[in-house]
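Enquirer: This structure is in structure tokens; I'll ask about it shortly.
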Amino acid sequence: MRQTTGDAYALIDSCVPYTLAQPVGGKAPTQRTWKVGIKRLIGSIAFRTVGVACLILSLFAGGLAICMDLPDDPWNQIVDTLMVSVMVFFGVEIMFRCLSEFAYTLSFLFWMDIIGTLSMAFEISFLFGSAGKISTTNAGDSYAVLRTTNAVRCFARAGRLAKPLRCLSMFYTSGETGRRTSLHTADTIRTAKFLGERVARVLSTKVAMLTVVLVLGVPIFSLGRYPEEDFSLRMASRTIEADYARAYEQVANNSAHAGRRGDSTVLKSYIFEAAVQAVFSFYEDLDYFPYRLEGYRESVVVDRRHARIPGEASVPGREPNRKQSVIRQEVYRCLVVRPECEGENKAAIFFDFTSVRQYSAALDMIVICFLVVCMGLESWDLGRSVNHMVVTPLEKMLRTSHAMAAVLNQAIRRNKPDEELDRELDDDEDNGEELDETALLERVFKKMARLTSVFVELNVVDDAKLNSMDAESQGVLVEVMQYKGRREARLSSRKGTMPPYVSVVHVLPVEKEEIESWGMNFLKLQPSERLEVVSYIMFDSSVGKASGRTWVEVDIFNAFAAEVSQGYSDNPYHSFTHGCDVVGSCFRILQQVHWEEWLSDVDTVALLVSALCHDIGHPGKTNPFLVETSDDLALRYNDKSPLENMHCARLFEICTNNNLNVFRKFDRASYREARSVCIAGILYTDNAQHFDLVKEVRKVFETSVDVCDVDLKNFEDGFPTKYIQEVISKNTMLWIKVILHLADVSNPLKTFDMNKLWAMRVVDEFFAQGDEEKRLGIPIGMLNDRDKVNRSGAEHGFINFLLAPLVISVVRVFPMCHPLGTQMVNNMAQWHQTWIRESKPAEEDIQKRQADVDKVREQVSELVTRKPRSSNRDVGQPP
């Protein structure tokens, strides 16, 4: 045996990562194309985060500057710099999406992104932005035109609201959030989530953009109505101009009278000043007001006489911080010809709209936030509905398809070279292009169909077809291709007459009940007593009476067992005592799984003999040690399971002596059968095969889950016929390997006292190897350094990572073995408490390992609920 119970510890850290990194049927990642690289960049959290930041700036930066009444200098330059950067980022994003997403180009979202990006020009002051610019209106301007211009600007800005839809996809979940999933279903879940996201995105986009159109588009239809804007600005400019003209006319008349009288007094008119004060008093209670007059000079010359028309300087106002908060209302027509109001120059009133602009900007931001919230809620609700109606059922369907494809893929790769299989499936490989939902599902099921067809091609003949062939064709298949109809051999192997029952072992060193229990202690027995217990199992037990007595001679077996005991080394763990203990464990497992209903007597004898010899000649060192030191065994067997190959060879070397040949009574066919069982069983005690064995068991369960769930809930005293036919008999050799391997690593399935005795011997042997590794100056195994390894902690890892997956998988197929899982959990919990007492670890480490215990306990509890209602054949179970 290459790495038995003890050696399994050393594989914990190496085997688990390997299985996680190598899913069934998986291939190494191919070289990524530039399209895939761009997709990864766009989908990265960093790129999306920058996108969200740019979106927030584009929607709110200008409005915040207005609301906070920030001065034009230097904030206009700061905002312009930010907006130019945002515009460039949006442009780059559009380019990247066009290059990597074929469906995006010329789509609705594409045009919305184009409009939204171009609308950034309205946010930049040196392009079309209003920041730093005074709005000038003429008394004759059409307000319908102004409103149309403003509506077009708002609608262009609305194009940016298509981007929150893409940002909201960051928060889309398909119901798998927080659920732990194994890596072999990750691709399936991603596929279902991908489909769900695309459906939800399409629906959310349409509904959200409908919201945008309703909120921002409907007001456009009011453009043709009679304007409802405030006309006070226009009336104020006309009133001021008219009163200035009246004042000018009064000064002119007074100047004529004064000239006739010879009066040189400076003439004044207070008509305009009164009018200005009246206008200002009108705006006292409003949020906007005039703060400056332009073009109404107080000092004028009339008929070569100086006169004054006070009023312009009486305006009590200050310049606003932002020019875009200023409206310059020009007069429609100058009633007094003067340089300040002639031709293109017009007199004007300057109004401070700071409060109004702030209110308007705040409302714009509130509307945007409202739209984003509406889109978010719509997207969440649609995503939730799509998840319930589409994604969850699709995940189940694709998960089943994935499992079936994985089983087929694994089965095919064992019989067909990877290169040949890859060529046959090359048409189905993903070329990096984004597929729509229909094409993606078509690709999944097409590949599964091709895998099935390849699998069918591999099984070109079955037993029925073989029997119908002519002798020459049968010869080609049997002799040349070595085809074996093993099913028939197993069913026909029971023959001969059962000898009269005479006890082989007259006095047992322990009670029969103890032998049949998981508290059996071989360590306390003398060598001769251990042989007596093994002989009892082989001949006098319920298993031995139906198998060993038929095929094995007592004297030959006793001589064979004595020779085997001499072949074992005196190791702390891998000794003849361990071999006897594994025989006892196999015996108890066989009883629990109702062996007589599906296993032949030839296979049973071969299994017990394999258990006795599975570690014969073990040097107390692991396979990696033999390979590292270039041991003769490693060289002889090319580094592939050197110990296990040696154990098999030693077994059959002993049998070459006719007086020790335990298979002497076997005919040729039965001997071939027994030899194949011994070789397969012992080779699979190599823990390097452990996870492959677990996968095989899981595969059987998953492909027969309907039979398992229906039949196993109702049987009481054995397997239903359908279950034997569909699940057990089709995989007999697998169950033989599972029984022997499970018995070999079954220490944690025993009572805790026995578990502890054997575990200490495992670690002692490890430490001895570690001492040798230190002496030789070679790498020290992770569990071999006595100065670093905690014994209790090592046992926790062994159960959690290696044994629990195997036991749970076995109990799924053989639910009558559920007491083994229960005892394993109890032992794991006790090892956890022992580790705490001995190591005094940190609370964080305690909680982490406690979580491991709870997880295994939960898995075992779920299995217990589907165990048979009763079974009077579960003997010797642990308490």
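Enquirer: Thr629: accessible area at probe 1.4 Å, nearest 10 Å²?
Expert: Accessible surface of Thr629 is approximately 50 Å².
Enquirer: Same structure, new question: Leaving out ligands and nucleic acids, note down the accessible area per residue over the range 496-632 with a 1.4 angstrom probe, in whole Å².
Expert: Per residue, the range 496-632 has 33 Å² of solvent-accessible surface.
Enquirer: Please calculate how many Å² of accessible area the range 784-868 carries per residue, with a 1.4 Å probe and no DNA, RNA or ligand atoms counted.
Expert: Accessible area per residue, the range 784-868: 42 Å².
Enquirer: Tell me the label-point distance for the pair Ile846, Arg664, using the 7 Å Cα-to-Cβ offset, in nm and rounded to one decimal.
Expert: 6.3
Enquirer: Give me the percent of the accessible area of the range 77-120 that comes from carbon and sulfur atoms, probe 1.4 Å, all protein chains in place. List each step's numbers first, then the result.
Expert: Working: 1810 of 2180 Å².
Here it works out to 83 percent.
Enquirer: May I pose another question? Take the alpha-carbon centre of the range 545-598, take the same for the range 787-819, and report the distance between them in whole Å.
Expert: 24
Enquirer: Quote the charge dipole size of the range 240-399 about the Cα centre in Debye, to the nearest 20; the model charges only the Cβ of Lys and Arg (+1) and of Asp and Glu (-1).
Expert: That gives the range 240-399 a dipole magnitude of about 280 debye.
Enquirer: For the full complex of protein chains and a 1.4 angstrom probe, list Asp744, Asp243, Asp287 by accessible area with the highest value first.
Expert: Details: Asp744 0, Asp243 25, Asp287 100 Å².
Ranking Asp744, Asp243, Asp287 by accessible area, largest first, yields Asp287, Asp243, Asp744.
Enquirer: Provide Rg and Dmax in Å for the range 592-735, with only Cα atoms included in the calculation.
Expert: 18.2, 55
Enquirer: What accessible area, in Å² to the nearest ten, does a 1.4 Å probe give for Arg308?
Expert: For Arg308, the solvent-accessible surface is approximately 80 Å².
Enquirer: Keeping the other protein chains in place, figure out the carbon and sulfur percent of the accessible area of the range 617-659, with a 1.4 Å probe.
Expert: Accessible surface attributable to carbon and sulfur in the range 617-659 totals 42 percent.
Enquirer: Kindly list the residues of the range 281-312 that lie in the label zone of Ile134, defined by a backbone N under 17 Å from the point 7 Å along the Cα-to-C-beta vector.
Expert: Only 289-298, 312 pass the distance filter.
Enquirer: Along the Cα→Cβ direction, 7 angstrom out, place labels at Arg292 and Lys396. What is the inter-label distance in nm?
Expert: The two pseudo-label positions are separated by 7.4 nm.
Enquirer: Sort 777-789, 58-70 by the packing proxy (mean of other Cβ within 10 Å over each peptide's residues), most packed first. Show your work: numbers first, answer last.
Expert: Details: 777-789: 15.7, 58-70: 18.6.
Most protected by this proxy first, the peptides run 58-70, 777-789.
Enquirer: Sort Ser107, Ser630 from largest to smallest accessible area, using a 1.4 Å probe on the heavy atoms of the protein chains. Walk me through the numbers on the way to the answer.
Expert: Values: Ser107 30, Ser630 70 Å².
Of Ser107, Ser630, the descending order of accessible area is Ser630, Ser107.
Enquirer: Turning to a different aspect of this structure: For Leu643, Leu531, write out the residues from largest to smallest accessible area, computed with a 1.4 angstrom probe and no ligands counted.
Expert: Leu531, Leu643
Enquirer: Another question, if that's okay. Going down the table (Lys621/Lys788; Lys699/Lys722; Lys699/Lys756; Lys699/Lys848; Lys695/Lys855; Lys756/Lys840), which pairs top 23 Å between alpha carbons?
Expert: Numbers: Lys621/Lys788 19 Å; Lys699/Lys722 18 Å; Lys699/Lys756 33 Å; Lys699/Lys848 30 Å; Lys695/Lys855 20 Å; Lys756/Lys840 20 Å.
Over 23 Å apart, Cα to Cα: Lys699/Lys756; Lys699/Lys848.
Enquirer: While we're on this one: Sort out for me the Cα centre separation of the range 669-693 from the range 355-378, rounded to whole Å.
Expert: Rounded to whole Å, the Cα centres lie 73 Å apart.
Enquirer: Another one. What accessible area, in Å² to the nearest ten, does a 1.4 Å probe give for Glu844?
Expert: 130
The values are calculated or read from the model by the stated rules, or taken from the named source; none is laboratory data. Every value quoted in this text rests on a predicted model; they were computed, and no experiment measured them. With ideal geometry, Cβ positions are generated from the backbone for all residues, glycine too; neighbour counts draw on all protein chains shown. Accessible surface is based on the protein model in full, side chains and every heavy atom, while ligands, DNA and RNA are left aside. Shrake-Rupley method; radii C 1.70, N 1.55, O 1.52, S 1.80 Å.
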